[in-house]
Amino acid sequence: MTTPAASASNGPMIEIQRLNKWYGDFHVLRDIDLTVARGERIVICGPSGSGKSTLIRCVNHLEEHQQGEIVVNGIAMTQDVKRIEQIRRHVGMVFQHFNLFPHLSVLENCCLSQVWVQKKPRAEAEATAMEYLERVQIANQAYKYPGQLSGGQQQRVAIARALCMRPDVMLFDEPTSALDPEMIKEVLDVMVELAHEGMTMLCVTHEMGFAKTVADRVIFMDQGQIIEEAPPESFFNNPRSERTQLFLSQIL
Ligand code: ADP
Ligand code: MG
């Protein structure tokens, strides 16, 4: 079996080959091939219901797939719980609705997995939490509860919480879609900074300004398939597929 240490320095970060998934009879992902290199930033866009969330949730096994291969940081996904845990250790995830624990303070939200999954001493976990809360400029809210924060602040906490696990790759599922317009920028700014620091990122988002600024590749999905992928410049200026053109005309 490949160990994380042995695999960490070579090969792609994520390798997906001929991935197929069904929800009952519904064929939600169709022959998806996607390789994400280390340090690469990929934006996934596409109409609602096209399978974007399902695809990125397969990467850390929040969804199970039926056919195809998913390899993360050299570790092949299987049904084995230990293997899944091993993969999840490398993967940070940020959701549309933040998914913070409402009954825990901001600081506790950031410490929980460090203490229970990584078995870190509490003091060390808190120091790491404060370091990342400072990075997303919210350390002064560490003792508040999520409900006392704005949506933008909660999402920055969610990003800090994911970073506390020192992931090798970050998955974002429409992280700004649930935010009021005036809060979108503060979250995107954090994501742009993360991209500039070299984090490998797989982001589902319709923030095309973000895509143009940081994406190495933009992927367009429709009806469970990857229809088109290209660097942002050609994706936005010369979309090849009619479906991409139609989608872009609706959102830009
Ligand atoms: P997107 O993120 O692109 O909007 P999703 O991956 O959430 O798309 O969903 C793709 C399709 O799969 C949609 O038609 C959705 O209704 C369906 N779907 C998503 N989750 C489930 C589920 N747990 N059970 C059945 N169908 C689902
Ligand atoms: Mg979605």
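The numbers here are math on the coordinates, done by the rules we state, and not lab data. What you are looking at is a predicted structure, and each value in this text was computed from that prediction instead of being measured. Cβ sites come from the backbone with ideal geometry, for glycine too, and all protein chains shown count toward neighbours.
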Quick calc of log₁₀ I(q)/I(0), the chain, Debye, one scatterer on every Cα, no solvent, q values 0.17 1/Å, result -1.37
Of the candidates ARG156, ARG83, ARG38, which one comes out as most mobile in a Gaussian network treatment of the chain with C-alpha springs shorter than 10 Å? ARG83
To the nearest µm²/s, what D does Stokes-Einstein give for the stretch 144-188 at 20 °C and 1.002 mPa s, using the Kirkwood radius over alpha carbon pairs as Rh? 191 µm²/s
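Please work out how much length the chain gains when fully extended from HIS27 to LYS212, using 0.36 nm per residue of separation minus the C-alpha to C-alpha distance, in nm with one decimal. Display every interim value, and only then the final one.
Numbers: separation 185, 0.36 × 185 = 66.60 nm, distance 3.10 nm.
Residue separation times 0.36 nm, minus the Cα-Cα distance, leaves 63.5 nm.
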Given Cβ point charges of +1 (Lys, Arg) and -1 (Asp, Glu) and nothing else, what value in debye, to the nearest 20, does the dipole of the stretch 98-252 about its Cα centre take? 420 debye
Positive end of the charge dipole of the stretch 15-78 (Lys, Arg +1 and Asp, Glu -1 on Cβ, about the Cα centre): tell me which of SER48, ILE70, GLY24 has its Cα farthest that way. SER48
For ILE227, which sequence-distant residues (separation of 5 or more, or a different chain) have an amide H within less than 5 Å of its own amide H, given hydrogens modelled in the peptide plane? PHE220, MET221, ASP222
In nm, what is the difference between 0.36 nm times the number of residues separating ASP189 and ARG166 and their Cα-Cα distance? 6.3 nm
Please state the shape class of the stretch 29-96: rounded when a/c is under 1.5, otherwise prolate if a/b exceeds b/c and oblate if not, all from the C-alpha gyration tensor. prolate
Using the reciprocal of the averaged 1/r over all distinct C-alpha pairs, how large is the Kirkwood radius of the stretch 77-204 in Å? 14.8 Å
Over the stretch 113-173, one equal point on each Cα, no solvent: what is log10 I(q)/I(0) by the Debye formula at q = 0.15 Å⁻¹? -0.45
Between LEU246 and GLU197, what's the calculated FRET efficiency when r is the beta-carbon distance and R0 is 30 Å? Round to 0.05. 0.25
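If I stretch the segment between TYR143 and SER48 completely, what's the gain in nm (0.36 nm per residue apart, minus their alpha carbon distance), one decimal? If you can, show how the numbers build up before the last one.
On the way: separation 95, 0.36 × 95 = 34.20 nm, distance 3.65 nm.
Gain on extension, TYR143 to SER48, equals 30.6 nm.
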Amide H within-cut-off set for MET201, under 5 Å, with H built and near neighbours excluded: GLU40, ARG41, ILE42, MET170
Selection from VAL117, VAL91, LEU104, by position along the positive dipole direction of the stretch 64-137 (Cβ): VAL117
Value of [θ]222 nm, deg cm²/dmol, for the chain, DSSP H segments ≥ 4, -39500 (n - 2.57) each, nearest 500: -11000 deg cm²/dmol
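Pick out, in residue order, every one of the chymotrypsin sites (Phe, Trp or Tyr not before Pro) in the stretch 85-181 that is DSSP loop and has at most 12 other C-beta atoms within 10 Å; say none if there are none. Walk me through the intermediate numbers first.
Details: sites: PHE95, PHE98, TRP116, TYR132, TYR143, PHE172; in loops: PHE95, PHE98, TYR143.
Here the sparse-neighbourhood loop sites are TYR143.
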Where does the Debye-calculated log10 I(q)/I(0) of the stretch 130-252 sit at q = 0.14, 0.20 Å⁻¹, using only Cα point scatterers of equal weight, no solvent? -0.66, -1.13
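Averaged over all directions, how much area does the convex hull of the C-alpha atoms of the stretch 1-139 cover when projected, in nm²? Spell out each step's value before the answer.
Values: hull surface 41.4 nm².
Mean shadow area of the hull around the Cα atoms is 10.3 nm².
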Enumerate by residue number the GluC sites (Glu not before Pro) in the stretch 156-210 meeting two conditions: DSSP loop (anything except H, G, I, E, B), and at most 12 other Cβ atoms within 10 Å of the site's Cβ. GLU197
